[in-house]
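The values are calculated or read from the model by the stated rules, or taken from the named source; none is laboratory data. A quick note: this is a predicted structure, and the numbers were derived from the prediction, not measured. With ideal geometry, Cβ positions are generated from the backbone for all residues, glycine too; neighbour counts draw on all protein chains shown.
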Amino acid sequence: MSASSRRVRAGGVTLHAVEDGAGPTVVLLHGFTGCAESMAGVAAGLRRGYRTLCIDLVGHGASDAPHDLSAYRMERCVDQVADIVLALAGGPAHFLGYSMGGRVALALCAWRPELAASALTIGARAGFADARERAARVRQDEALADRIEREGVERFVDAWMALPLFASQRRLGAAALAEARVQRLANRAHGLALSLRGMGAGAQPPLHDRLRRLPMPVCLVAGEEDPLFLGIARDLADRIPDARTEVVPAAGHAAHLENTEAFLRIAERFVAEACADSKPPQTTPEPLPAPTERTPAP
């Protein structure tokens, strides 16, 4: 099949998705300020043997960006992704998520395990288990959200991409960075701000206790030049019964972009093994955590 663009009502919002290829479904979830298009290179590599479904998460790309904070909470985001997967795939899928998208993938595995045949994350964490670290991150994300609303998307994106975490992306070259900037600038200020406030790494419920009950295989990927997230990947792998870590050489935080060929070898091998070893999915979803009101940062 050729790539097709779809808009689907899911979890109370309308999400945009791009489908391509044929075979078992792999759902690709982008990072903060990204979009479905930012995962197109990985999708192109996977469509030889799989049906890919790249989703614009709420507040990003061509998906809805409501002004209601509740629509952005991780619990609601998982419901939205689950609904679109059921609508377009009809059952369990393999999930591949980068950074924020990786956190969404892990949350879906924890709360909707019947829909996850496997999960692969790139540069992702499972929230913050430590309450003080979680509160500090909430304050940091609140400040970033205020900045986006005050200064606008363009100034924020330029400052965001100048962070040391993304320095290794310079290897992609000027043209690729310019294209990525154009994609990021298509986002809306309030959508990005509410995404940070609703499902930022501090705002989301930490998943660490639930990881020990995940029934599906999980692959935690990090670039060799991203020591923080490589350490996080190894810690999470120790908590998940069927997990592995993989290191992408010559790559930083966005390993799937910085060394796509090496990353695709890892992803294709992992998904193929998950398909070959597939077990009947768990049919009873995990109960979601009770909603909590986030205390505004001082």
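Values for this structure:
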{"item": "Residue identified as in contact with a helix residue (DSSP H, G or I) (Cβ under 9 Å, 6 or more places away or on another chain), among the charged types (D, E, K, R) and farther than 26 Å from D141 by Cα among R6, R73", "result": "R6"}
{"item": "Subset of region 228-242 (residues that are within 19 Å of the chain's Cα centre (by Cα) and either of a type in the set (G, A, S) or surrounded by fewer than 17 Cβ atoms within 10 Å (Cβ to Cβ) (or both))", "result": "L228, G231, A233, R234, D235, A237"}
{"item": "Enumeration of residues in region 232-257 that are within 21 Å of A201 (Cα to Cα), touching a Phe, Trp or Tyr at 6+ places or on another chain (Cβ under 9 Å), among the hydrophobic types (A, V, I, L, M, F, W, C) and in a helix (DSSP H, G or I)", "result": "A255"}
{"item": "Those residues of region 67-88 which are surrounded by 18 or more Cβ atoms within 10 Å (Cβ to Cβ) and out of contact with any Gly (no Cβ under 7 Å at 6 or more places or on another chain), in sequence order", "result": "M74, E75, C77, V78, V81, A82, I84, V85, L88"}
{"item": "Residues of region 174-189 classified as assigned to a loop (DSSP other than H, G, I, E, B) and either without any contact (Cβ under 8 Å) to a residue 24 or more places away in the chain or in contact with a strand residue (DSSP E or B) (Cβ under 8 Å, 6 or more places away or on another chain) (or both), total", "result": "0"}
{"item": "Enumeration of residues in region 209-223 that are over 17 Å from A117 (Cβ atoms) and surrounded by 24 or more Cβ atoms within 10 Å (Cβ to Cβ)", "result": "V221, A222, G223"}
{"item": "Selection count where residues are touching a helix residue (DSSP H, G or I) at 6+ places or on another chain (Cβ under 8 Å) and either at pLDDT below 95 or within 25 Å of V78 (Cβ to Cβ) (or both), scope region 258-286", "result": "9"}
{"item": "Residue match in region 185-206 (condition: of a type in the set (A, V, I, L, M, F, W, C) and touching a Ser or Thr at 6+ places or on another chain (Cβ under 7 Å))", "result": "yes"}
{"item": "Cross-chain or 6+ apart pairs with Cβ under 8 Å, region 149-160 first and free of Cβ contacts under 8 Å to residues at least 40 places away in the same chain and outside any helix (DSSP H, G or I), then surrounded by 13 or more Cβ atoms within 10 Å (Cβ to Cβ) and small (G, A, S)", "result": "G152/A189"}
{"item": "Hits in region 2-47 - residues which are free of Cβ contacts under 8 Å to residues at least 40 places away in the same chain, touching a Lys or Arg at 6+ places or on another chain (Cβ under 8 Å) and not in a strand (DSSP E or B)", "result": "A22, G23"}
{"item": "Long-range neighbours under 8 Å by Cβ, at least six apart or interchain, first residue over 23 Å from T52 (Cα atoms) and of a type in the set (D, E) within region 240-268, second buried (at least 19 other Cβ atoms within 10 Å of the Cβ) and at pLDDT 95 or above", "result": "D242/L214; D242/M216; D242/P217; D242/V218"}
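For (1) at pLDDT 95 or above; (2) under 20 Å from the mean Cα position of the chain (by Cα), each residue gets a yes or a no:
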position	(1), (2)
S118	yes, yes
R125	yes, yes
A131	yes, no
V138	yes, yes
A143	yes, no
R150	yes, no
L163	no, yes
A175	yes, no
A178	yes, no
